[in-house]
Amino acid sequence: MKILCFQFRGGEYQVDETGRIMGNGLTYFSDDWIFLGGSPHHWCRRVVITRKQAFEMPGLLNGCLGWDVDHGVTRQWGGQYYGRLPRITKAHVIEK
């Protein structure tokens, strides 16, 4: 099984191929929290780098904002981290 790994706001996140996310304190892959992909600019109101593309070329996610579906609500990741808009970093794929 392939796992997409990356950092966001100083935390480690893992995503399985179905999009289920483990991170932010979770110790299991959540059925209610699904990773969709990323967008390179905060003005972009849609996913540009899909989850499939991220698994094929994880480096495309570096510098992107994340998108997910959490309990049925689609959202772009945001907030501030050290006074800046947080971005995905260190994206890579591992085999488990």
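Filtered by the rule that a residue be closer than 15 Å to Pro58 by Cβ and acidic (Asp, Glu), segment 1-42 gives Glu12, Asp16, Glu17.
With the condition kept exactly as written, say whether any residue in segment 54-65 is more than 15 Å from Arg9 (Cβ to Cβ) and more than 13 Å from the chain's Cα centre (by Cα). Yes; the residues of segment 54-65 include at least one that is more than 15 Å from Arg9 (Cβ to Cβ) and more than 13 Å from the chain's Cα centre (by Cα).
Remark: pairs (first residue in segment 10-30, more than 19 Å from Thr74 (Cα to Cα); second residue of a type in the set (Phe, Trp, Tyr); Cβ separation under 7 Å; 6+ apart in sequence or on different chains) = Gly10/Tyr81. The set of residues in segment 77-88 being more than 16 Å from Ile21 (Cα to Cα) and either under 12 Å from the mean Cα position of the chain (by Cα) or of a type in the set (A, V, I, L, M) (or both) consists of Gly78, Leu85, Pro86, Arg87. Within segment 46-85, the residues that satisfy the criterion of being assigned to a loop (DSSP other than H, G, I, E, B), surrounded by 14 or more Cβ atoms within 10 Å (Cβ to Cβ) and either among the charged types (D, E, K, R) or touching a Leu at 6+ places or on another chain (Cβ under 8 Å) (or both) are Val47, Trp77.
Restricting attention to segment 38-73, the residues that are among the polar types (S, T, N, Q) and touching a His at 6+ places or on another chain (Cβ under 9 Å) total 0.
Taking into account only those residues within segment 9-45 that are in a strand (DSSP E or B) and at pLDDT below 95, which is nearest to Ile94 (Cα to Cα)? Before you say what the answer is, go through the steps one by one.
First, pick out the residues of segment 9-45 that are in a strand (DSSP E or B): 11-16, 20-23, 33-39.
Narrowing the set further to residues that are at pLDDT below 95 leaves 11, 23.
Values: Gly11: 17, Gly23: 16 Å.
For segment 9-45, the residue satisfying everything is Gly23.
Of the residues contained in segment 13-29, none is found to be crowded, with 18+ Cβ neighbours inside 10 Å and among the polar types (S, T, N, Q).
The values are calculated or read from the model by the stated rules, or taken from the named source; none is laboratory data. This one's a predicted model, so the numbers in the text were calculated from it and none came from an experiment. Cβ sites come from the backbone with ideal geometry, for glycine too, and all protein chains shown count toward neighbours.
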